[in-house]
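As structure tokens, the structure follows; a few thoughts come after it.
Computed from the coordinates by the stated procedures, all read-outs in this text should not be read as laboratory data. Worth saying up front: this structure is predicted, and the values here are computed from it rather than measured. With ideal geometry, Cβ positions are generated from the backbone for all residues, glycine too; neighbour counts draw on all protein chains shown.
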Amino acid sequence: MSDHLRILIAEDVDLVAEAFAALLATEPGFEVVGRVSRGDQVADAVARLRPDVAVLDVDMPGATGIEAAATITDCKILLLTALEGPGHMHKALAAGANGYILKSTTGARLVDAIRTVARGGTAIDPELAAEALRSGPCPLTDREIDILRLVGAGTSTEDIAASLYLSRGTVRNYLSNAMVKLDAQTRAEAFAKAERRGWL
């Protein structure tokens with residue numbers, strides 16, 4: 001790892017981006033070489049600016065940080081998020097991210113995470129890692145996930161059945177199974193729990 005690290009910041013909230021840039025500018029050997037505010041600008045910025053590490057917000061317009069991470073192969077990727085569900089972390093790592101930490105982290109931990117991924121290591125927020133171990137893998141089937149997403153959009157059982165070419169009874173069975181797996185009393189509660197854990 002070079003002593004000089006070139007860093008790209010992707011963050012759509014100007015105040016947050018400026019705070020990150022100011023923090024990193026004080027760290028010896030760090031150079032913020034660019035900032036973008038949309039996920040669909042990341043790949044072009046990486047190709048043009050050639051950073052060593054791209055620090056990406058997960059929730060951005062154009063494309064999420066996770067979607068942007070999947071398009072990058074020539075620099076290390078550290079994702080910052082306010083989303084605490086372990087499912088989001090698994091998706092980020094599967095997309096090629098080298099680190100995934102909460103935005104509520106300290107400045108010192110952010111700097112350490114950047115150095116860790118630059119060296120080829122993996123930086124995971126310890127709270128998220130512990131939650132992932134407690135929760136285990138997603139227990140839902142792909143079809144249960146599809147149905148819960150439609151529930152979250154306010155779709156009726158009849159319309160879910162029509163859109164997925166299933167009978168209403170089959171949809172109710174899938175929902176019942178999902179509710180049992182999530183220890184939820186209602187379909188709305190099942191959706192909320194699955195979304196919070198990052199499984200949708």
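Can you run the Rg to Rh ratio on region 52-194? Use alpha carbon positions and the Kirkwood inverse-distance Rh.
Working: Rg = 18.0 Å, Rh = 16.8 Å.
Answer for region 52-194: 1.07.
Counting pairs of alpha carbon atoms under 8 Å apart in space and at least six apart in sequence, what relative contact order in percent does the chain give?
On the way: 321 pairs, mean separation 32.4, N = 200.
It comes to 16 percent, rounded to a whole number.
Taking only Cα atoms, what is the 0 to 90° angle, nearest 10, from helix 126-135's long axis to the longest principal axis of the chain?
20
With an 8 Å Cα cut-off and a minimum separation of 6 or more residues, compute the relative contact order for region 142-196 in percent.
37
Straight distance only, please: which lysines reach the Cα of residue 103 with their own Cα at less than 27 Å, same-chain residues fewer than 8 apart left out?
Result set, ordered by chain and number: 76, 91, 193.
Please order 90, 4 by the number of other Cβ within 10 Å, starting at the fewest. Working shown, then result.
On the way: 90 17, 4 10.
By the 10 Å Cβ count, ascending, the order reads 4, 90.
Where does helix 14-25 land angle-wise versus the long Cα axis of the chain, in degrees 0 to 90, nearest 10?
40
Diagonalise the Cα gyration tensor of region 5-132 and give the resulting equivalent ellipsoid semi-axes, square root of 5 times each eigenvalue, largest first, whole Å.
Numbers: eigenvalues 72, 55, 39 Å².
Whole-Å semi-axes of the equivalent ellipsoid: 19, 17, 14.
Per the Kirkwood definition applied to all pairs of different Cα atoms, how many angstroms is the hydrodynamic radius of region 59-138? Present the calculation step by step, with values, prior to reporting the outcome.
Numbers: mean 1/r = 0.0784 Å⁻¹.
Computed over region 59-138, the radius equals 12.7 Å.
Between helix 107-118 and the chain, what is the angle of the helix's C-alpha long axis to the longest principal axis, kept within 0 to 90° and rounded to the nearest 10?
90
If I take the Cα coordinates of region 128-198 and project them onto the principal axes, what are the three extents in Å, biggest first?
Ordered largest first, region 128-198 gives principal extents of 40, 20, 18 Å.
Tell me, how many Å apart are the Cα centres for region 148-167 and for region 59-112?
Using only Cα atoms, the two centres lie 31 Å from each other.
Please compute the net charge surrounding residue 123, taking Lys and Arg as +1 and Asp and Glu as -1 over other residues with Cβ under 11 Å from its Cβ. Intermediate results must be reported in sequence, preceding the final value.
Working: positive: 76, 109, 115, 119; negative: 112, 125.
Summing Lys and Arg as +1 and Asp and Glu as -1 gives +2.
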